[in-house]
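Participant: Right, I'll just put the structure down here and ask away after.
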């Protein structure tokens, strides 16, 4: 009897150990990048953005937080967030050819009024996106989602406010009002500076967590980007 109990106990232990190993194998690896330390200001935002599928690393264990975003990258993320609706390709821009990884995203965003070309015929997908362009993208995306748009905050505290392009003035006021973007310093907004990948991740997270109100006046819970 004692021998049987001992064998049974060993079998049970083996089963439990296998279950633990299986659970560990199926567990999601923690977000970790060699170029993003836990003491970096954007660490929490990057982890949140990656875990929620908003952004990914650039490969080889890197996130490249200080690298500038491209126009194609930002538009593609918004397109995916919207559920990647089916798009029939139309040659809207001469530099956006069919079959590129960003083609459907650019056409969709253009049709929905979320983005415009850098000229009447070009989009410049590989161009670095500026902070004011990024504000405009999110402003138009929020309008597309039919969220009630706040009137915007007075920008008098920013000494470089006069360098903001006319098309981006309302979007930046709105983005500052709801906390989407913050100054580069206490008195500068840096509208013409390039938006980095970590800044983009932080803005995505703030947008995702913001409580928007739809035009009907019904307050929504914390609204995911999609």
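Participant: For residue 32 and residue 60 in one chain, what is 0.36 nm times their gap in residues minus the Cα-Cα distance, to one decimal in nm?
Facilitator: So the chain would gain 8.9 nm between residue 32 and residue 60.
Participant: Restricting to Cα pairs below 8 Å that are 6+ residues apart, what does the relative contact order work out to for the stretch 31-209? Please round to a whole percent.
Facilitator: Averaging sequence separation for qualifying contacts and normalising by length gives 26 percent for the stretch 31-209.
Participant: Show me the ranking of peptides 128-135, 188-195, 79-86, 61-68 by mean Cβ neighbours inside 10 Å, starting with the highest.
Facilitator: Averaged packing, sorted descending, gives the order 128-135, 188-195, 61-68, 79-86.
Participant: Please give the length that would be gained between residue 87 and residue 120 if that part of the chain were fully extended, namely 0.36 nm times their separation in residues minus their C-alpha to C-alpha distance (nm, one decimal).
Facilitator: 9.8 nm
Participant: Sticking with this one: Starting with the highest mean, order 167-177, 90-100 by the number of other Cβ atoms within 10 Å, averaged over the residues of each peptide.
Facilitator: 167-177, 90-100
Participant: Now, a different point. May I ask you to derive the relative contact order of the stretch 31-118, considering only C-alpha pairs under 8 Å and at least 6 residues apart, and to give it as an integer percent?
Facilitator: Contact order relative to length: 23 percent.
The numbers here are math on the coordinates, done by the rules we state, and not lab data. It should be emphasised that the depicted structure is a prediction, and the values quoted were computed from it without experimental measurement. FYI the Cβ positions are ideal-geometry reconstructions off the backbone, even for glycines, and counts take in every protein chain you see.
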